[in-house]
Amino acid sequence: MTRPVSARQLERQAYRRNRTIVRIAVGLVSTVVVLGALTAGVITSPGWDRVKLTFFDWHHARESFPHIAEAFWLNIRLFLVVEVLVLIVALLVAVIRVIPSPALLPFKILATIYTDVFRGVPTLLVVLLVGFGFPALQLAGVPSSLFWLGAIALTLSYGAYVAEVLRAGIVSVHPTQWASGRALGLSYGKTLRHVVLPQAVRRVAPPLINDFVSLQKDTALLSAIGLVEALRAASVYQAETFNFTSIGVSALFFIAVTIPLARFTDWLGIRALRRQAGG
Amino acid sequence: MLTIRGLTISFGDHVVLDALDLDVAAGEVVCLLGASGSGKSTLLRCIDLLEQTDDGDILLGGVEINDPAVNEDAIRRNIGMVFQAYNLFPHLTVLGNVTLATRKVAGLSRREARERALELLARVGLDGKAHAYPDSLSGGQQQRVALVRAVAMQPDLLLLDEVTSALDPMLVGEVLDVVRDLAAAGQTIVMATHEIPFARDVADRIVFLDGGAIVEQGTPAQVLGNPQDPRTQAFLARYLD
């Protein structure tokens, strides 16, 4: 560190510094050029003045903001509840599908049908079927609140996706990990719980959070069964004023939640890579 | 062919190579000996431009290759490197591993690359495994494939980083036989190793490293038969028991 460095090495260091500066400059220039061209393309379009009035009106943005903010709280609550339910359902389904126990065969078949069907049906369809179909059954114990019907619909749909992500994680853990768990005398279940699942969950954390990012915005689908969440509140405002700015405002709310989640996912991925590379 | 002057590199406060000088002539086989942490692997990694050096010059054929302005890919094209852990590409067959660089970097046609690969694989007794995947091979077989993969590019200089350290004793011989043949064919080799009998047999020169510096170097007879430095003596005493 403190030792004197040769003149040639100083030249090399100067070259690297220059190269870094050039790289930063190239990055900045290309960013300005690309974003500038995109912005110019939109602003110079023939309908821009009209679009600006109907979609980006400051007055309407301020007017609709408190209504949408209040309604968005419902999206947050839905997201938090459904996220927990999805994890429980998905873990159960994934474990049932990997455990090689013959007694579980009917459940394995059901679990397979469940993931196949609910990954195949559009989420909006599931929302409509559960939201309007469940209450019509008139079964005792079926919740009548739209909140819980919506939560069940999203859980059914997302549970199938997340179960497959978890199952992929479990299958990707190397067989030698199972072998060394069993060799220590751990049962199949204990090996799964203490050795395999922790590694599996860490490995699939990025796609798992990816699904939760998606879930967060799909809470807006529940507007279809009449829940007054952010999108519904924005539509109501739009219907009253014939101005679409409120829809854009509700989009900003969703983005404000998904962007931090997305960055968190990136960070998890980078950290996992670093851990593997280190040591 | 290879000239190193004042090569210095630290990781944090730890000086791994300390103003090291080394010359390797064309066709020469140089074995680097030394305890773990003496800087053997780091030296090889520096020559292959895998580490950013703190000071010193590395010249290959008179060209300063650690100049940050050089095209590293063009330099590495003339240097082969084989690692302790084989590092074969698991998604490619043996043939796919060996022909990847000769096709995509050296620009050989599919047929030329295939012919060269099969000829080299035959020389190491693995032409029958051309279509096998690496995971189905033994460690010794995998390492022979890794050697063939490096040699297929016909590098001026071949760097071998403890290529037998991950192998059990039964398999060490089959890999060293390949290295011995390469040396006999005139390949310039710099090799970090713990196989002292092999080094005695094949090396033109043995370089003993300790604490990131060359303690002693010379012919195998000099360094192994009559070590002068107490550190070399202590190291050899432990290995040759």
**Fill in**
segment A:221-279: Kirkwood hydrodynamic radius (Cα pairs, Å) comes out at 14.0
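For A:15, A:188, give me the order by solvent-accessible area with a 1.4 Å probe, most accessible first, ignoring ligands, DNA and RNA.
Values: A:15 90, A:188 60 Å².
Largest accessible area first, the residues go A:15, A:188.
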**Asked** At a probe radius of 1.4 Å, what is the per-residue accessible area of residue A:237, in Å² to the nearest 10?
**Response** 20
**Fill in**
Share of accessible surface on carbon and sulfur in segment A:55-124, whole %, 1.4 Å probe and ligands ignored, is 76
**Prompt:** On alpha-carbon atoms, Rg over Rh for segment B:31-72 using Kirkwood Rh?
**Reply:** 1.01
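In what sequence, largest accessible area first, do A:58, A:148 appear using a 1.4 Å probe?
Final ranking, largest accessible area leading: A:58, A:148.
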**Item:** segment A:163-279 - convex hull of the alpha-carbon atoms, volume per residue in Å³
**Value:** 118
**Message:** Over 10 Å intervals from 0, what percent of Cα-Cα pairs in segment A:1-151 sits in each interval?
**Reply:** 8, 15, 17, 15, 17, 15, 10, 3, 0
**Fill in**
Calc'd 3J(HN,Hα), segment B:10-24, phi into Karplus 6.51 cos²θ - 1.76 cosθ + 1.60 (θ = phi - 60°), Hz, glycine/Pro = x, comes to 10, 10, x, 8, 8, 7, 8, 10, 10, 6, 8, 10, 7, 10, 10
**Request:** Could you provide, to the nearest whole Å², the per residue accessible area of the protein assembly as shown with probe 1.4 Å?
**Result:** 53
**Request:** Return the long-range amide H neighbours of residue B:210 (sequence gap of 5 or more, or a different chain), with a cut-off of under 5 Å between placed amide H atoms.
**Result:** B:215
**Item:** Interface burial for B against A (accessible surface, 1.4 Å probe, total of both chains, Å², rounded to 100)
**Value:** 1100
**Request:** Could you give the C-alpha radius of gyration of segment B:170-212 expressed as a fraction of 2.2 N^0.38 Å, taking N as the number of residues it contains?
**Result:** 1.21
**Fill in**
Computed over chain A, the distribution of all Cα-Cα distances in 5 Å bins, rounded to whole %, is 1, 5, 8, 10, 11, 12, 11, 10, 9, 7, 6, 5, 3, 2, 1, 0, 0, 0
**Prompt:** Average projected area of the Cα convex hull of segment B:166-241, in nm²?
**Reply:** 5.6
**Asked** Taking each full run of DSSP H in chain A as one helix, which ones are at least 30 Å long along their axis (Cα atoms) and have mean Kyte-Doolittle hydropathy of at least -0.5?
**Response** A:7-43, A:58-98, A:146-172, A:245-277
**Message:** In segment A:1-32, what residues drop by 40 Å² or more of accessible area when the other protein chains are put back, versus the chain on its own? Use 1.4 Å, and skip ligands and nucleic acids.
**Reply:** A:1, A:3, A:8, A:9, A:12, A:15, A:16
**Request:** Using R₀ = 22 Å, calculate the FRET efficiency as 1/(1 + (r/R₀)^6) where r is the Cβ-Cβ separation of residue A:139 and residue A:117; round to 0.05.
**Result:** 0.60
**Prompt:** Just the C-alpha atoms of segment B:19-108: what Rg/Rh do they give, with Rh taken as the Kirkwood radius?
**Reply:** 0.99
**Prompt:** How high is the FRET efficiency from residue A:31 to residue A:272, r the C-beta distance, R0 35 Å, rounded to 0.05?
**Reply:** 0.80
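Ignoring ligands, DNA and RNA, please state the percent of accessible area on segment B:62-167 from carbon and sulfur, probe 1.4 Å. Write out the running numbers ahead of the final one.
Details: 2270 of 4880 Å².
Carbon and sulfur atoms account for 47 percent of the accessible area of segment B:62-167.
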**Request:** Ignoring everything but the protein chains, give the 1.4 Å probe accessible area of residue B:104 in square angstrom, nearest 10.
**Result:** 150
**Item:** Largest to smallest principal axis extent of the C-alpha atoms in segment A:147-196, angstrom
**Value:** 47, 18, 10
**Under 5 Å, built H, 5+ apart or other chain: amide partners of residue B:10** = B:16, B:54
**Prompt:** Hey, could you pull the Cα Rg and Dmax for chain B, both in Å?
**Reply:** 17.9, 55
**Most mobile listed residue (A:241, A:44, A:20) in chain A, GNM with C-alpha springs under 10 Å** = A:20
**Item:** Largest-first ordering by accessible area, 1.4 Å probe, given options A:275, B:5, A:12, A:97
**Value:** A:275, B:5, A:97, A:12
**Request:** Go from 0 up to the bin containing the longest alpha carbon distance in segment A:109-236, width 10 Å each, and give me the % of pairs per bin.
**Result:** 12, 31, 28, 18, 9, 2, 0
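Beyond 40 Å, what share of the Cα-Cα pairs of the protein assembly as shown is found? Please give it as a whole percent.
51
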**Viscosity 1.567 mPa s, temperature 4 °C, Stokes-Einstein D of segment B:62-147 from Kirkwood C-alpha radius, µm²/s** = 93
**Request:** Stick to Cα atoms and the Kirkwood definition of Rh, then tell me Rg/Rh for segment B:5-52.
**Result:** 0.96
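The values are calculated or read from the model by the stated rules, or taken from the named source; none is laboratory data. In this text, all values refer to a predicted model and were calculated from it rather than measured experimentally. Note that we place each Cβ from the backbone using ideal geometry, even for glycine, and neighbour counts take in every protein chain shown. To get the accessible areas, we keep the full protein, side chains included, count just its heavy atoms, and leave off ligands, DNA and RNA. Shrake-Rupley method; radii C 1.70, N 1.55, O 1.52, S 1.80 Å.
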